[in-house]
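These notes concern the structure reproduced below.
The values are calculated or read from the model by the stated rules, or taken from the named source; none is laboratory data. Small disclaimer: the values here were computed from a predicted structure and weren't measured. Note that each Cβ is placed from the backbone with ideal geometry, even for glycine, and that neighbours are counted across all protein chains shown. The area values use the complete protein model at the heavy-atom level, side chains included, leaving out ligands, DNA and RNA. Shrake-Rupley method; radii C 1.70, N 1.55, O 1.52, S 1.80 Å.
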Amino acid sequence: MIRPMELKELRDRLDVIDKELEEQFAARMQVVRAIGEYKKRCGIATFDAAREAQVLAMHTDGQSEEIKPYMEEFFKAVMDISKEYQDSGSKDL
């Protein structure tokens, strides 16, 4: 059983990780915006099935069988959000 102090320490660690994820997500979205602008200028579709398969493989290959389906779900969600952002034409985060 986890003691209350252990739980607090674990949650504190999770908070640090979540802050890092937040910062990296914001940075990713800036790059996504730039890619979206490039694709619009060049008439390239937002969705690229081959690229999505490459990204999923890159982040799931080598993962444990326990984590792999969750990692795939996570990156699918990130890519869906990215496509939505590209399609929205948003300029600000």
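A few points about this structure:
- When the GluC sites (Glu not before Pro) in region 38-93 are filtered for DSSP coil states and for at most 14 other beta-carbon atoms within 10 Å of their beta-carbon, the remaining sites are E65, E66.
- Karplus (6.51, -1.76, 1.60) ³J(HN,Hα), θ = phi - 60°, over region 35-40, in Hz, Gly and Pro reported as x: 5, x, 5, 4, 4, 5
- Rough spin-label spacing in nm, given labels placed 7 Å along Cα→Cβ, for D12 and M58: 3.5 nm
- Distance-filtered residues of region 2-16 - backbone nitrogen under 14 Å, label point 7 angstrom along F74 Cα→Cβ: 14-16
- Seen from every direction in turn and averaged, the convex hull around the alpha carbons of the chain projects onto 7.9 nm².
- Share of carbon and sulfur in the accessible area of the chain stands at 58%, probe radius 1.4 Å.
- Taking the Cα centre of region 23-77 as origin and assigning +1 to Lys and Arg Cβ atoms and -1 to Asp and Glu Cβ atoms, the resulting dipole is close to 480 debye.
- Average accessible surface area per residue within the chain, 1.4 Å rolling probe, Å²: 79 Å²
- Electrostatic bookkeeping for R13 treats Lys and Arg as +1 and Asp and Glu as -1; over the other residues with beta carbon under 12 Å from its beta carbon, the sum is -3.
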